[in-house]
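Below is one structure, written out as structure tokens, with a few remarks after it.
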Amino acid sequence: MRLSSCFMPTLRENPAEAQITSHRLMLRAGLIRQTSAGIYIWLPLGLRVLHKIEQIVREEQDRAGAQEILMPTIQSAELWQESGRYEAYGKEMLRISDRHGREMLYGPTNEEMVVDLFRNDIKSYKDLPKMLYHIQWKFRDEIRPRFGIMRGREFLMKDNYSFDIDAEAGRISYNKMYVAYLRTFARLGLVAIPVRADTGAIGGDLSHEFQILAETGESTLYYDKAIEKFELATLTGDIDPDSIEKLQSLYAMEEEKHDPDNCPVAPEDLRSAKGIEVGHIFFFGTKYSEPMNARVTGPDGKLVPVEMGSYGIGVSRLVGALIEAGHDDNGIIWPEVVAPYKVGLINLRLKDADCTAACDDLYHRLTDAGVEVLYDDRDMGAGGKFADMDLIGLPWQLIVGPRGLKDGMVELKCRASGAREQLSLEAALSKLGA
RNA sequence: CGGAAUGUGGCGCAGUCUGGUAGCGCACUUCGCUGGGGGUGAAGGGGUCGCAGGUUCGAAUCCUGUCAUUCCGACCA
């Protein structure tokens, strides 16, 4: 993509309404624009990141055996009246009515809808287990939206729902998601701590929150340092059931529930860090299947309510969390797997024919090789180009100017480490995978 | 919802106390000099001061109402 034809409105100053790092950087780097409290437009650069995160989440869901569907954002109130949550959900649910005066709502979650889907089409234990997920926009009319995309009212969530014949099988589905989550966050280059959690409005008796470690996180966590070692193992392979049980038994608590005087972990093994909640998994058994009459016939011919779990990842929140976990004074530092482009090609002197010819050639060769390049072909000073490129945080900057070019050299800068290398054009190309 | 602020060109702000017809920096347009970390000179364009009433000869400024946004608290992916 040529920057001269790209919609990337970067800001030199911090917008007044943005108080936290990720919100400021998302506005300044031209990833999002706010339209009203907690509701945002995703601009081209931000949308590319969102899509890449979404894709990694999708791949790990598929790998765990879940199947993707897509449920609507607008739901009928009827299903919610059936489950009893229509009143219980309160003002956080955005209620609307259609032209016939029917009560509708903008979905804050999809348990009711997916249970309805399930009960209409699945009748036998032979069809279990099933895991169905979708990645869809949700709306929760938060009392107080804040922190930009981190707690918006409209947000993109992956929500998965598992259906099993009994609690034991349900626990297996739960653990599959538990592992899928560890893998997902590890692929994004994040350290996630699974913390035993309350079940809240969703209900149930088994639940974990996944907290991303970042200095600017909202909650303070205390956990056994052994958790970090376990997570490294998930980078390379699956975890066997015994390991999952062991990992889940390790201590991890939010500050409110952490009692320093009665902590089972020795002080030298205890870690304390700030976290951002990006995922939450629940096993809630028959909480919805019972009232909504979602039953299957078991091997013995008897009808039993299906055992369920639900599993959420805040996809749009992850964009903010990744920035909180990866930035410096100059801007964002994206992990390569989610960066909007891999390489930022900087043409320092557009009016120099040789320089521009070299840049055009590099751009085409990289693009032809499948490398994602954002080519800064704007006619402006070098300072602004460097500042913008640091701000938007692409992993590699390929800097081309007449000075180096007369010796046949270009500069390759790593955004994360700041390391710079003088390379020949061919060496730079091969280093970038072209 | 309880508490606290703020609304003035695209962005950041001054002007409000003490009423007199709107200003600064950045950005933008044109031309020139520049050209490796936001350079520089000249000339321009853009705002009925959130909105609605009121007071006044006159309101960004005073009064009343209203809307929006943000921050702190309880809740959430």
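The values are calculated or read from the model by the stated rules, or taken from the named source; none is laboratory data. A quick note: this is a predicted structure, and the numbers were derived from the prediction, not measured. Methodologically, a virtual Cβ is constructed for each residue, glycine included, from the backbone with ideal geometry; neighbour enumeration extends over all protein chains shown. Each accessible area value is taken on the protein alone, full model and side chains, heavy atoms only, with ligands, DNA and RNA left out. Shrake-Rupley method; radii C 1.70, N 1.55, O 1.52, S 1.80 Å.
Summing Cβ point charges (Lys, Arg +1; Asp, Glu -1) relative to the Cα centre of segment A:279-434 gives a dipole of roughly 360 debye. For segment A:34-183, a/c is not less than 1.5, where a ≥ b ≥ c are the root eigenvalues of the C-alpha gyration tensor, and a/b does not top b/c. That puts it in the oblate class. Give me the dipole magnitude in Debye, nearest 20, for chain A about the Cα centre, with unit charges on the beta carbon: positive for Lys and Arg, negative for Asp and Glu. Here chain A has a charge dipole of around 1140 debye.
Here the contact order of segment A:283-393, divided by its residue count and restricted to Cα pairs under 8 Å and six or more residues apart, works out to 22 percent. Summed over qualifying helices (DSSP H, 4 residues or more, each -39500 (n - 2.57)) and divided by its residue number, chain A shows a 222 nm mean residue ellipticity of -9500 deg cm²/dmol. How far, in degrees from 0 to 90, does helix A:382-392 lean away from the longest principal axis of the Cα atoms of chain A, to the nearest 10? The two axes meet at around 10 degrees.
Taking the C-alpha atoms only, the angle from helix A:44-63 to the longest principal axis of chain A is near 50 degrees. Here the accessible area of segment A:343-431 is 52 percent carbon and sulfur, with a 1.4 angstrom probe and all protein chains present. Cα centroid separation, segment A:56-102 to segment A:118-180: 10 Å. Largest first, the residues A:H327, A:H258, A:H208 sort by 1.4 Å accessible area into A:H327, A:H258, A:H208. Over all other residues within a Cβ to Cβ distance under 15 Å of A:L405, the charged ones net out to -3, with Lys and Arg as +1 and Asp and Glu as -1.
Within the full protein context, the accessible area of A:H23 is estimated at about 10 Å² for a probe radius of 1.4 Å.
Label separation (A:N262 vs A:R63): 3.9 nm, computed from points 7 Å beyond Cα along the C-beta direction. Along the charge dipole of chain A, which of A:G344, A:L128, A:A192 sits closest to the positive end, that is, farthest toward it, with unit charges on the beta carbon of Lys, Arg, Asp and Glu (+1, +1, -1, -1)? It is A:G344, whose Cα lies furthest towards the positive end. Comparing A:Y288, A:Y40, A:Y89 in a Gaussian network model of chain A (Cα springs below 10 Å), the most mobile by mean-square fluctuation is A:Y89.
Of the whole protein surface, A:V371 contributes about 10 Å² of accessible area at a 1.4 Å probe radius. The charge dipole of segment A:219-343, taken about its Cα centre with unit charges on the Cβ atoms of Lys, Arg (+1), Asp and Glu (-1) only, comes to about 560 debye.
In order along segment A:36-41, the phi-based Karplus estimate (6.51 cos²θ - 1.76 cosθ + 1.60, θ = phi - 60°) of 3J(HN,Hα) comes to 7, 3, x, 10, 10, 8 Hz; Gly and Pro are listed as x.
At a probe radius of 1.4 angstrom, the accessible area of chain A per residue rounds to 45 square angstrom. Farthest towards the positive end of the charge dipole of segment A:25-77, among the residues A:L27, A:Q75, A:G46, is the Cα of A:L27, using unit charges on the Cβ of Lys, Arg, Asp and Glu. In this structure, the pairs whose alpha-carbon distance is over 20 Å, taken from A:K130/A:K287; A:K342/A:K385; A:K123/A:K158; A:K158/A:K225, are A:K123/A:K158; A:K158/A:K225. Take every Cα pair under 8 Å whose residues are at least 6 apart in sequence, average their separation, divide by the length of segment A:3-332, and the relative contact order is 21 percent. Taking Cβ atoms as reference points and 12 Å as the exclusive limit, the residues near A:K246 contribute a net charge of -3, counting Lys and Arg as +1 and Asp and Glu as -1. Taking every DSSP beta bridge that has both ends in chain A, the antiparallel portion is near 85%.
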